[in-house]
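The structure under discussion appears below in the form of structure tokens.
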Amino acid sequence: MFYWFVRALCLFILAVFRRWEVYGAENLPQEGPVVVASNHVSYWDPVAVGCALNRKVFFMAKWELFEVPVLSPVISRLGAFPVKRKSKDGNAINVAVQLLKAGNVVGIFPEGTRSRTKKLLPPHSGMIILAHKANAAILPVAVEGTRKNWGKVKVYVGKPLAMKDFGDIDEKIDKKDLGELSAIVMREIKNLLES
């Protein structure tokens, strides 16, 4: 209930003050596990992505946000969970996989941090690991306009990618596969930004 109340409030703000536009929202599968993979340029990105999708998104968020006394309980109630970015955080992966196996949507920013330019940063492979472990679809999403405090915000939602779309993937994925598959998803995000 709290999530949908906050989402409605943010929708109002985005519509009135940011004249936002969403393209391809119908591409979100309406059931089953989905890993939402988006570019990252602003703290507003989770808000824009969450408002663009009509299913609750459980965002993986950097650990430091959960150390802010006022912010931590709010984002926790919204479904966010912490990840330690400078190490392989097995706990965060386990939480995400459990959420996905329960049929939920997990949001992740594969660049790992905000890009200070218009260029996409090299991706981390967590989105592929999660999708593989939970047999989830990956939904590429592109956000633009969130870095500024004014102007239009746009969200582009791409077509979902299933693991079978990547070809014949074995039970175990090696480092090379992870890199190549992550690059494919980032290329989809780049195409959305250029569309």
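Please treat every number below as a calculation from the coordinates, not as lab data. This one's a predicted model, so the numbers in the text were calculated from it and none came from an experiment. Cβ sites come from the backbone with ideal geometry, for glycine too, and all protein chains shown count toward neighbours.
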| request: Could you check the simple spin-label distance between residue 113 and residue 17, using points 7 Å along Cα→Cβ, in nm with one decimal? | output: 2.8 nm
| How high is the relative contact order of the chain, in percent, counting Cα pairs under 8 Å that sit 6 or more residues apart? | 31 percent
| Quick one: Karplus J couplings for region 60-77, per residue in order, coefficients 6.51, -1.76, 1.60, θ = phi - 60°, nearest Hz, x for Gly and Pro? | 7, 10, 4, 3, 4, 5, 7, 9, 8, x, 7, 6, 3, x, 5, 5, 5, 5
| remark: Over the chain, the sum of -39500 (n - 2.57) across DSSP H runs of at least four, divided by residue number and rounded to 500 deg cm²/dmol, gives at 222 nm -11500 deg cm²/dmol
| request: Mind listing the long-range amide H neighbours of residue 24? Cut-off is under 5 Å, sequence gap 5 or more, other chains count too, H placed in the peptide plane at 1.01 Å from N. | output: 157
| request: Let me know the charge dipole size of region 1-120 about its Cα centre in debye, to the nearest 20, where only the beta-carbon of Lys, Arg (+1) and Asp, Glu (-1) is charged. | output: 320 debye
| task | Return the label of the correct value of log10 I(q)/I(0) by the Debye sum over Cα atoms at q = 0.13, 0.15, 0.17, 0.18 Å⁻¹, as calculated from the structure shown, out of (i) -0.86, -1.01, -1.17, -1.24; (ii) -0.65, -0.89, -1.17, -1.33; (iii) -0.71, -0.95, -1.20, -1.33. | result | (ii)
| query | What residues have an amide H closer than 5 Å to that of residue 57, excluding those fewer than 5 places away on the same chain, when H is modeled at 1.01 Å from N in the peptide plane? | reply | none
| Listed residues 92, 142, 48, most fluctuating in the chain (Gaussian network, C-alpha, under 10 Å) | 92
| request: Search the structure for amide H atoms under 5 Å from the amide H of residue 40, placed 1.01 Å from N in the peptide plane, and list their residues when 5 or more places away or on another chain. | output: 115
| query | Under the Karplus relation 6.51 cos²θ - 1.76 cosθ + 1.60, θ = phi - 60°, what is the ordered set of whole-Hz ³J(HN,Hα) values for region 37-42, x standing for Gly and Pro? | reply | 10, 10, 5, 9, 10, 7
